[in-house]
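Written below as structure tokens is the structure these notes are about.
The values are calculated or read from the model by the stated rules, or taken from the named source; none is laboratory data. Everything numeric in this text was worked out from a predicted model, so none of it was measured. Here Cβ is always computed from backbone atoms with ideal geometry, including for glycine, and neighbour counts include all displayed protein chains. Note: areas computed on protein heavy atoms with side chains; ligands, DNA, RNA excluded. Shrake-Rupley method; radii C 1.70, N 1.55, O 1.52, S 1.80 Å.
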Amino acid sequence: MNERILISGASVAGLTLAYWLARYGFRPTVVERAPGMRAGGNGVDVSGLAVDVVERMGIMPSVRAAATDVRGMKFVDADDRTRARIALQGASSVELMRGDLVALLYDSARDGVEYLFGDSVSRLEQDEDGVTVTFERAGARRFDLVVGADGLHSTTRRLAFGPEARHLHHGGHYFAFADADAGLGEDRWVTMFNQPGRMAGIYRSGRHTQAKAYFIFRSGPLAYDHRDTAQQKELVRRAFADGSPWRIGELLAGALADPEFYFDALAQVRMDSWSTGRVALVGDAAWCASPASGAGAELALVGAYRLAGELAAAGGDHRLAFSRYHAGHRGLVRAKQQIGFNVRLMVPRTTFGRRVRDTVARLPLFPALGAVERLLQTGNRRTLPDYQV
Ligand SMILES: Cc1cc2nc3c(=O)[nH]c(=O)nc-3n(C[C@H](O)[C@H](O)[C@H](O)COP(=O)(O)OP(=O)(O)OC[C@H]3O[C@@H](n4cnc5c(N)ncnc54)[C@H](O)[C@@H]3O)c2cc1C
């Protein structure tokens, strides 16, 4: 039945997959490179079909209780005067801090799941009957299937599908998240300050005393080590170094001191197939739509639910399950990838673009867009399969 399944990565996709696999009677093992759960990040959305997934896991009340209750975003000038506000229109989705979502998923995915923290896959050898996995620390072990849920720079993808450059598409921007002084920004609002091609912002959840800093800057591909945080901090410092209008100086100082500082390219992963033999991918490793899509958590939750459900429905037949998983989920992924590189609202390229953005933001246009989005999500809701096994 292909019972022993290794999942690489203990974040939204990996933990959701582990939960459903264990519930269907598989024996998942999760390996996570970090020494424990990674709590970093800003707000992420549980929206669309993901609401159903989380409801079926029984954790929707806890997700709602952890909601950040952010009212919307506002754009300010160098003197901190508000130029425009966009209020969020009571959407059906729930925004919560990524760390809170991961903690809830981890609490749910304990029974029947083995965890290996502080380790990573270093080699995969497939044959007819299974996969021999060599770990950096734990030595070699045998599994029936391996699933890479190890994010944008997935090791599993590199080992099983080839070099990262084959699948990663650069979106022309970099972004960083970090802790910020709790006194900055406005309670329950995302405050953004723009210069051409750059944005610095403050995220203030209604449920956390700690504020969060946002940085986005426009740039072609940069050469750096995606596991070297000191190097990444230096890239952000340099990108915002020419003068420190508004609160940029304070935000930078806080970010550079934050050990949970998170930096990456605004990039997408595009692949023809999410499986090869007994190895499959899920979440950002397979289809990252970019943080600007606002759909990373939704796609990870729904994709992991589908992958586990298809494996259960196919009685563990991985060929059948992997192809149904791909066929069932790729439409939603494509739709989210189409919006994933659009950062014009948050990062106008020119001063003129910023003025146009501020003017448009003052129009009652966004409530209408919110209504259209809710309508589209209602359409999506009908398509989440019910795996009765
Ligand atoms: C610390 C952090 C902060 C984030 N903050 C935000 C945010 O504020 N806003 C946003 O939109 N998105 C954020 N993201 C990305 C977001 O979590 C994903 O887009 C989305 O939730 C899909 O999640 P995922 O599980 O596919 O991948 P990810 O959330 O990226 O998780 C991948 C996991 O795999 C682990 N991993 C990586 N390599 C290996 C390896 N070789 N072996 C074992 N484990 C490995 C990582 O440590 C991580 O736990 C963040 C991700 C991380 C890891």
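Considering only the stretch 283-292, state which residues are more than 7 Å from the ligand (Cβ to nearest atom) and in a loop (DSSP other than H, G, I, E, B). Working first, answer last.
Narrowing the stretch 283-292 to residues more than 7 Å from the ligand (Cβ to nearest atom): 286-287, 289-290, 292.
Result: Ala289, Ser290.
Using the structure shown, decide if Arg198 is more than 16 Å from the ligand (Cβ to nearest atom), without any contact (Cβ under 8 Å) to a residue 40 or more places away in the chain and farther than 28 Å from Met37 by Cα. Break it down into steps so the answer makes sense when it comes.
Details: more than 16 Å from the ligand (Cβ to nearest atom): yes; without any contact (Cβ under 8 Å) to a residue 40 or more places away in the chain: no; farther than 28 Å from Met37 by Cα: yes.
Here the answer is no, as Arg198 does not meet what is asked.
So which of Ser244, Ser323 ends up being farther than 18 Å from Thr16 by Cβ and not in a helix (DSSP H, G or I)?
Details: Ser323 fails: not in a helix (DSSP H, G or I).
The unique qualifying residue is Ser244.
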Review point. Hey, Arg85 hits all of (1) away from the ligand (no atom under 16 Å from the Cβ); (2) more than 30 Å from Pro196 (Cα to Cα); (3) open to solvent by 20 Å² or more (accessible area, probe 1.4 Å) but one; which does it fall short on?
Key: (2)
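Restricting the stretch 1-36 to residues that are in a loop (DSSP other than H, G, I, E, B) and closer than 14 Å to Glu114 by Cα, which is modelled with the lowest pLDDT? Before the answer, list the steps.
Here is the first cut: in the stretch 1-36, the residues in a loop (DSSP other than H, G, I, E, B) are 1-3, 9-11, 24-26, 33-36.
Checking which are closer than 14 Å to Glu114 by Cα leaves us with 3, 9-10, 25-26, 36.
Values: Glu3: 96, Gly9: 98, Ala10: 98, Gly25: 96, Phe26: 97, Gly36: 93.
Among residues in the stretch 1-36 that are in a loop (DSSP other than H, G, I, E, B) and closer than 14 Å to Glu114 by Cα, the one modelled with the lowest pLDDT is Gly36.
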Check your understanding: Out of the stretch 173-188, which residues are within 21 Å of the chain's Cα centre (by Cα) and either open to solvent by 20 Å² or more (accessible area, probe 1.4 Å) or more than 20 Å from Tyr262 (Cα to Cα) (or both)?
Key -> Phe177, Asp179
Practice item. Return a yes/no flag: does the stretch 154-162 have any residue that is without any contact (Cβ under 8 Å) to a residue 60 or more places away in the chain and at positive phi. Key: yes
Check your understanding: Given Ala280, Ala267, which one is open to solvent by less than 10 Å² (accessible area, probe 1.4 Å) and either in contact with a helix residue (DSSP H, G or I) (Cβ under 9 Å, 6 or more places away or on another chain) or within 10 Å of the ligand (Cβ to nearest atom) (or both)?
Key -> Ala280
Exercise for review: Quickly run through the stretch 133-168 and pick out the residues that are open to solvent by 40 Å² or more (accessible area, probe 1.4 Å), within 11 Å of the ligand (Cβ to nearest atom) and not in a loop (DSSP other than H, G, I, E, B).
Suggested key: Arg158, Leu159
